[in-house]
Structures are given as structure tokens and as C-alpha cells.
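Engineer: Just dropping this structure here.
The values are calculated or read from the model by the stated rules, or taken from the named source; none is laboratory data. As the structure is a prediction and not an experimental result, all values here were calculated from the model. Here the Cβ is made from the backbone with ideal geometry for all residues, glycine too, and neighbour counts use every protein chain on show. Just the protein is used for accessible areas: all its heavy atoms, side chains included, with ligands, DNA and RNA removed. Shrake-Rupley method; radii C 1.70, N 1.55, O 1.52, S 1.80 Å.
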Amino acid sequence: MPILQHIMKLDLEKLAMDYIVPCLVEEGFFYLDSFLGDVVGQCVLDQVKEMHCSGLLHDGQLAGRRTGVSKTHIRGDKIAWVSGTEKGCESISFLLSMIDRLVVLCARGLEKNNIKERSKAMVACYPGNGTGYVKHVDNPNADGRCVTCIYYLNKNWDAKENGGILKIFPEGKSYVADVEPIFDRLLFFWSDRRNPHEVQPAYATRYAITVWYFDVEERAQAKKRFRDLTASSQERSFAS
């Protein structure tokens, strides 16, 4: 009953239209706390910890080649991609369904974007050894990713002691936004060059789940570019 009471109190349409959409348009990001409530949030955390303890998380990969540069100096997280349908991911599936509902409502107010698809969920852990993720942009080359959503799972997080703050550098703004990765916090921000961001070194185990929502037209164009590039490469290979 406490679970149902908490979820029923969330007016998702009001949250989307009165808070998330205006903040995305004006500031480029928005976060809210106590999204799922303690009970459901703990269930999600338990499933993520089980994945971690079972050895299902592996080193996050880098796009492109960076010869002579240690990966962990750039990105130190361990990750797994899940759809939510896997055994043992029932609570993660519920989380994804709630975020999906919110984003569908937000899409009504984001008329410049046609948001109808998303990625799988990236379950991530920074192991607390002082690694982070250097300043970067999720979608620098128009790959279709439009909105980044991150759900944090870290109870009793003390940023002064544990670090791990996500710093967002909104384009054209005079400030930097510091987002602490506290338990049951949900963050939204634009995935493109409007929001360079970094994860500062974490000195305690730091868990998060990230999903990316796609602009349909941009995603289709990105896929076409990839197909054309692949076909061109094959033609050159045959010619040689």
C-alpha cells in the first residue's frame, strides 16, 4: 500500500508540463527527488547491487580510438545494458516504465523534438577508487539522442567525502550546475552540445541508471549516414 500511495500522489502530467519542460527549455536540465519512494527505490538498488555482485558489470567503452591514453583516466565506470525484461530486473523495468510515461508527457511540450524511442538502460557503477568521467557531450555528432535521463541510487551520499558530483556546463550560461547523485533522484538534460558534463572522481561505490531518448528524425538520419558509410567502405574494399 505505501508503494501505491506514493505513486498515486505523483501527478506526472503536472510534473512534466509545469516543471520538466519549462526547465529543459530555459535551463537545459531538471532534477527531482523522491521519484519512486523509499520502498521501490530500494528494490531497484537491490537489483543493481545484485548485478554488480554477480559480475555482470563490465568496463565502460570509449567511442573512437585514443592511442596512448588510459581508458580509466577518461571513464572509470563499469556498466551493463538491460532492457528490463531480464530475470531479476523487474524493479528496473518498473522504473523505466515510469520514466517512459514522464517523457511521453514531456514530448507534448517539446514541439521541436519528435521523441518516440529510447535506448536500453545503462546500469553503471563507479567502484569508489577515485575514477570519474572527464568532461564530454553525450551526443556531439547528431546520433539521435535528445534527452538524457539518469536515476541515482546512492543512500547517505556525502559529496564532500564521497565526491561523484555530476557537473553540468550549460551552453551560454554563466553558471555550472552541481548535481549530487543521491538516492531516488531523477535527472533530465539535453544530450547534445548544449550540456557538456563530467562525473567528478567518486570515492565510494556510486550507482546510477541512464537512458537516452531519441529524436526520431535525427535518429533516422544518423542510421542512414551509417548505412551509407558502411556501403561506401564495402565498395572500396571490393575495388581494392
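Engineer: Hey, can you tell me all the residues within the range 102-126 that are out of contact with any Ser or Thr (no Cβ under 6 Å at 6 or more places or on another chain), assigned to a loop (DSSP other than H, G, I, E, B) and surrounded by fewer than 18 Cβ atoms within 10 Å (Cβ to Cβ)?
Structural biologist: ARG108, GLY109, GLU111, LYS112, ASN114, SER119, listed by residue number.
Engineer: Right, another one. Of the residues THR131, THR148, THR210, which single one is hydroxyl-bearing (Ser, Thr, Tyr) and either modelled with pLDDT under 95 or part of a loop (DSSP other than H, G, I, E, B) (or both)?
Structural biologist: Being hydroxyl-bearing (Ser, Thr, Tyr) and either modelled with pLDDT under 95 or part of a loop (DSSP other than H, G, I, E, B) (or both) holds for just one of THR131, THR148, THR210, which is THR131.
Engineer: Also, I was wondering about something else. Every residue in the range 63-96 that is modelled with pLDDT of 75 or more, farther than 20 Å from VAL199 by Cβ and open to solvent by 70 Å² or more (accessible area, probe 1.4 Å), please.
Structural biologist: THR85, LYS87, GLU90, PHE94
Engineer: Just checking, does the range 222-230 include any residue being buried (at least 17 other Cβ atoms within 10 Å of the Cβ) and either modelled with pLDDT of 95 or more or touching a strand residue (DSSP E or B) at 6+ places or on another chain (Cβ under 7 Å) (or both)?
Structural biologist: Looking through the range 222-230, none of the residues is buried (at least 17 other Cβ atoms within 10 Å of the Cβ) and either modelled with pLDDT of 95 or more or touching a strand residue (DSSP E or B) at 6+ places or on another chain (Cβ under 7 Å) (or both).
Engineer: Take the conditions buried (at least 17 other Cβ atoms within 10 Å of the Cβ), outside any loop (DSSP other than H, G, I, E, B), in contact (Cβ under 8 Å) with a residue 60 or more places away in the chain and among the β-branched types (Val, Ile, Thr) and apply them to ILE99. Does it pass?
Structural biologist: Here the answer is yes, as ILE99 does meet what is asked.
Engineer: Could you identify the single residue in ASP192, ASP215, ASP184 that is among the acidic types (Asp, Glu), crowded, with 17+ Cβ neighbours inside 10 Å, under 19 Å from the mean Cα position of the chain (by Cα) and farther than 16 Å from PHE30 by Cα?
Structural biologist: Matching residue, one of ASP192, ASP215, ASP184: ASP215.
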